Amino acid sequence: VSQIQDFLNSKVPTCDNWGTGSYAGTTRRAYGEARGITYPLTCLKDYYENTSTLENNLSGNSIPSGAISAAQIIKDAADTYNINPQALIVLLQKEQGLVTDDWPWPYQYKAATGYGCPDTAACDADYYGFYNQVNSAAWQFRYYANNPNSYNHVSGQYNNILYNPSSSCGSSSVYIQNQATASLYNYTPYQPNQ
């Protein structure tokens, strides 16, 4: 947990909780408030959630009784499903940029890992919340690892990876070196183009 916490701290040494920085010709706070965001914001390194009640310290709420840190939530999910926590951290960054975002909005925690968020529909509210998202994603990654040949992207070989959900955008062959990368591609089966 301390290694995860140290890593999160190193990525965002200072959180812009009050949106004092500039963005789109105004302050971050004005930009966010115009979109319904309540301040102060909470960076991932400072996030806490009670995993039973799902209460958290977003939007200026105090740390709830019985809450644990984001680092502890990541470590617990990794341990429960025997997934390297680094893979979960990569997923949090890929999906919502939470690892490096110094002014994350509450929605980013609601859909932190993109679990239950298909490309063609809105996210499923049953999976909302940081704890739910991290645990569901860890479960899914374990399922991929336990059933590696049941999915389109397999480690240790070249795989055809699409550029976009629309197959008409094309694809190319990518060598997937390990199960963690195969899981990431099975979870989100696309790659960036030029």
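Structure values in brief
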| read-out | value |
| --- | --- |
| The range 175-194, residues that are touching a helix residue (DSSP H, G or I) at 6+ places or on another chain (Cβ under 8 Å), outside any helix (DSSP H, G or I) and more than 19 Å from ASP119 (Cα to Cα) | ILE176 |
| Test set (1) open to solvent by 60 Å² or more (accessible area, probe 1.4 Å); (2) within 25 Å of TYR23 (Cβ to Cβ); (3) part of a loop (DSSP other than H, G, I, E, B) - PRO118 fails condition number | (2) |
| Enumeration of residues in the range 154-170 that are open to solvent by less than 40 Å² (accessible area, probe 1.4 Å) and modelled with pLDDT under 95 | GLY170 |
| Long-range neighbours under 7 Å by Cβ, at least six apart or interchain, first residue under 18 Å from GLN140 (Cβ atoms) within the range 98-121, second of a type in the set (Asp, Glu) | ALA112/GLU95; THR113/GLU95; GLY114/GLU95; GLY116/ASP124; GLY116/ASP126 |
| Candidates TYR144, TYR131, TYR158 - the one that is in contact (Cβ under 8 Å) with a residue 12 or more places away in the chain, over 23 Å from LEU98 (Cβ atoms) and not in a loop (DSSP other than H, G, I, E, B) | TYR158 |
| For ASN82: the one exception among (1) on the phi > 0 side of the Ramachandran plot; (2) without any contact (Cβ under 8 Å) to a residue 40 or more places away in the chain | (2) |
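The values are calculated or read from the model by the stated rules, or taken from the named source; none is laboratory data. Worth saying up front: this structure is predicted, and the values here are computed from it rather than measured. A quick note on method: Cβ atoms are made from the backbone with ideal geometry, for glycine too, and the neighbour counts reach across all protein chains shown. Ligands, DNA and RNA are stripped out before the accessible areas are found, and what is left, the full protein with its side chains, is counted by its heavy atoms. Shrake-Rupley method; radii C 1.70, N 1.55, O 1.52, S 1.80 Å.
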